[in-house]
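Every number in this text was worked out from the coordinates using simple rules, so none of it is lab data. Since the structure is predicted, the reported quantities are computational estimates derived from the model, not experimental observations. For neighbour counting, all protein chains shown are included, and Cβ atoms are generated from backbone atoms with ideal geometry for every residue, glycine included.
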Amino acid sequence: MNSTMNRKTYIDNFDRRLRAWDKEIAKLEKKAEQLNRTLQQRIEALKHRRDTATAKTTDLIHSTEDAWREVRNGAEDALDDLKKAFRKARSKFK
C-alpha cells in the first residue's frame, strides 16, 4: 500500500510539474507572437523606407541638370536611412 501511495504522490507531483511547464511554454508562445508582430512592423517600416528610396530613382531620372546634385543628395539620404533602419531591425533579432 505504501508503494501505491508513493506512486500516486509521484504522479500528482509529475503532473503538477508538467502543468507548470505548460504555463512556461504558453508564456514563450506569447512572447514569440509579440516578437513576430514587432518583426512584421519593422519589415513594413523597411518597405516604406525602400519605397521612399525607390521614388528617388524617378526623381533622379527626371531631374534637371541643375537640380541633379540636390536630388542625388536626397536619394543618398533615403538610401542611408533605409540602411540604418535595416541594421537596427536586424540587430534586434540576432
Original post:
Of all residues in segment 39-94, which are part of a helix (DSSP H, G or I) and either β-branched (Val, Ile, Thr) or in contact with a strand residue (DSSP E or B) (Cβ under 7 Å, 6 or more places away or on another chain) (or both)?
Top reply: 43, 52, 54, 57, 58, 61, 71
Subject >> Matching residues in segment 34-57 - criterion: being surrounded by 11 or more Cβ atoms within 10 Å (Cβ to Cβ) and not hydrophobic (A, V, I, L, M, F, W, C) >> reply: 38, 41, 42, 47, 48, 49, 50, 51, 52, 54, 56, 57
Original post:
Restricting the first residue to segment 69-94 and requiring it to be closer than 13 Å to residue 55 by Cβ, which pairs with a second residue that is among the hydrophobic types (A, V, I, L, M, F, W, C) and surrounded by fewer than 16 Cβ atoms within 10 Å (Cβ to Cβ) meet a Cβ separation below 7 Å and a spacing of at least six or different chains?
Top reply: 71/60; 75/60
Original post:
Could you give every pair whose Cβ atoms fall below 8 Å, whose first residue belongs to segment 41-63 and is under 14 Å from residue 76 (Cα atoms), and whose second residue is of a type in the set (D, E, K, R) and in a helix (DSSP H, G or I), counting only separations of at least 6 or pairs across chains?
Top reply: 49/81; 52/81; 53/81; 60/72
